[in-house]
1. Going through B:Leu86, B:Leu71 one at a time, which residue ends up being part of a helix (DSSP H, G or I) and within 12 Å of chain A (Cβ to nearest Cβ)?
2. Inspect region B:107-123 for any residue being among the aromatic types (Phe, Trp, Tyr) and either over 30 Å from B:Val321 (Cβ atoms) or surrounded by 16 or more Cβ atoms within 10 Å (Cβ to Cβ) (or both) and give the result as yes or no.
3. Answer yes if at least one residue in region A:30-46 is of a type in the set (Gly, Ala, Ser), under 25 Å from B:Leu87 (Cα atoms) and within 7 Å of chain B (Cβ to nearest Cβ), and no otherwise.
4. Does region B:98-106 contain any residue that is within 13 Å of chain A (Cβ to nearest Cβ), part of a helix (DSSP H, G or I), at pLDDT below 90 and surrounded by 16 or more Cβ atoms within 10 Å (Cβ to Cβ)?
5. Of the conditions (1) under 30 Å from B:Asp149 (Cβ atoms); (2) crowded, with 21+ Cβ neighbours inside 10 Å, A:Ala56 clears all except one; give me its number.
6. Consider B:Ala247 carefully, then state whether it is surrounded by fewer than 15 Cβ atoms within 10 Å (Cβ to Cβ) and either of a type in the set (Val, Ile, Thr) or assigned by TED's automatic domain parsing to the domain that holds B:Asp318 (or both).
7. Counting only residues that are over 21 Å from A:Met53 (Cβ atoms) and among the hydroxyl-bearing types (Ser, Thr, Tyr), which one in region B:136-184 is farthest from the other protein chains (Cβ to nearest Cβ)?
8. Out of all the residues in region A:56-65, is one or more without any contact (Cβ under 8 Å) to a residue 60 or more places away in the chain and within 9 Å of chain B (Cβ to nearest Cβ)?
Amino acid sequence: MTERIVRWSLAVLGGCGIAYGLVLVLTRVSPADWFRLARWGLAAWMINDLVLMPVALLLGLTVLRRVPPRRRMPLRIGLLGLASLVIMTAIAVGARAHQKNPTAEVTAPLPALLITGGVLVLVILVAEILAGLQRPERDEGPAAG
Amino acid sequence: MVRWPLRSIRRRIPTPAAVTGAVQSPAVVTRLGLFLGPAFGICFLTGLISHNAQSPTGVLLRPWPVWGYRLTQGIHVATGIACLPLLLAKIFAAYPRILDRPDGPARRPSVIIRFAADRLLIGILTAAGIVQVATGLFNIFQWYVFKFDFVPVHYAVAWVAMGAILIHVATKLPTIIETLRRRRPTEQRRSPDARRGFIGGVLGVAGGLTIFSIGQTVGPLDGLALLSPRRPRSVNLQGVPINRTAAQAGVVDRIDSWSLTVTGPGGEHTLHRDALAAMPQTTVRLPIACVEGWSVSAEWSGVRIKDLVDLVGGAGRDLRVQSMERGSRYARTRLPADFVADPRSILAIRINGDVLAPDHGYPARIIAPDRPGALQTKWVERLEVL
């Protein structure tokens, strides 16, 4: 019963949130920006459903299955960390090229990527060595992702 | 008659179970949600504070504590950055769901409608989440590639994203509860080490991104701020970063002919810079905290706003602040009465012992405690008691 009340309360609150957000789009966002926003929303959905998820699926089916079970987790974390760093660096590089404010960028993005990427690899290696000392190798099941 | 090979195509598409790996389980998705949901919630609440503070009728921020906005906006941006790997991990852990099919007889309208509504909600949730994180990142780097007015769009989409998260939690609540309550012996669970390792690794990546970017707010970590758009304590004009230069604001040509007009119930007063410098000066150490997340403290010297208002009467009333800049959302701002009365609110003409550089708002700018940087108006030319 309590769960039912919580679910309904969350659903009603959520519905109100979405409705209020849409009202804000209609009343506070310039009509000229509606199309741009819709384009970004559509692009975000497409990136998720047509790029990220299929790429993850393909990587899982083609690459991860060939990797020994014990090496899969560091690979997953490494790829995830690298993807995050590359996204941040790509934005920083693009921002630098478009920046008209001389004080806006003081960190060179590519050396930052190399240093933080190096730290990521180092941390994963150390964690794996420590974990390897503590546990025997065991299968983690199918390796689709 | 051409028969579409739908059944054959349907058979060739793998089921979610066929592509599910060690980390694509309700346990991982639920536990990632335990971090991603609150992270979005923190961003939402701190965003509401920032939005309210910038609203003409905002009431949430007061002059105390002076570091209030610095803290809330620093948390907003740091948490937003941490959302990037959390969001990627959630997408990664949940990707087999893209192959979901209607649960039950596929021809029954109720089954199809429920399935379509679920897909629509997931679509709204992921689109709103990705738009928020992506445009937020672009905005803190001041790369306005999205070309729409960021503030109202980010605010509106935040409500949509939070609403979609709440409905998503409502629909998945039974699974969430079941997953969190389940306590099977370790040997019966499928690859518990892999799941724990994945969640730990994702949190590690989120923590790493935070450590390498939060130096723009947390002074001692400035040296590590390799991923932040600003390093406030590094090479900056007069020790403070600049978001908008005098040239960008289009005020360079008019600075030499500057004068300050103060109007109120008692009349109008015009002051040139020498007269302003001859008035009693106050020095305060206050942070300037930007909506993009960076913040830095500086020593500001100038005339108390209260003293300027006393010239024209009108104590206890709000003040309208007008910049020489034209056409910007922040060219005209409101300083509420309690900020006007606060002895730390000044019209600064010096920063860290030097005369303000034009890019810092020369000849005079507002500095008040616990205000978003965008409202610390530069190149002030008119103060009007309301």
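The values are calculated or read from the model by the stated rules, or taken from the named source; none is laboratory data. Since we're looking at a predicted model, the values are computed, not measured. So basically every Cβ, Gly included, is an ideal-geometry build from the backbone, and we count neighbours across all protein chains shown.
1. Values: B:Leu71 fails: within 12 Å of chain A (Cβ to nearest Cβ).
Of the residues listed, the single one that is part of a helix (DSSP H, G or I) and within 12 Å of chain A (Cβ to nearest Cβ) is B:Leu86.
2. The first filter runs over region B:107-123 and keeps only residues among the aromatic types (Phe, Trp, Tyr), leaving B:115.
After this cut, where a residue has to be either over 30 Å from B:Val321 (Cβ atoms) or surrounded by 16 or more Cβ atoms within 10 Å (Cβ to Cβ) (or both) as well, the list is B:115.
Yes, region B:107-123 contains at least one residue that is among the aromatic types (Phe, Trp, Tyr) and either over 30 Å from B:Val321 (Cβ atoms) or surrounded by 16 or more Cβ atoms within 10 Å (Cβ to Cβ) (or both).
3. yes
4. So in region B:98-106, the residues within 13 Å of chain A (Cβ to nearest Cβ) come out as B:98-100.
Now restrict to residues that are part of a helix (DSSP H, G or I): B:98-99.
Pick out the ones that are also at pLDDT below 90 and you get B:98-99.
With surrounded by 16 or more Cβ atoms within 10 Å (Cβ to Cβ) added as a condition, the list becomes B:98-99.
Scanning region B:98-106 turns up at least one residue that is within 13 Å of chain A (Cβ to nearest Cβ), part of a helix (DSSP H, G or I), at pLDDT below 90 and surrounded by 16 or more Cβ atoms within 10 Å (Cβ to Cβ).
5. The number of the failed condition is (1).
6. So B:Ala247 fits the description; yes.
7. B:Thr179
8. Scanning region A:56-65, I find no residue that is without any contact (Cβ under 8 Å) to a residue 60 or more places away in the chain and within 9 Å of chain B (Cβ to nearest Cβ), so the answer is no.
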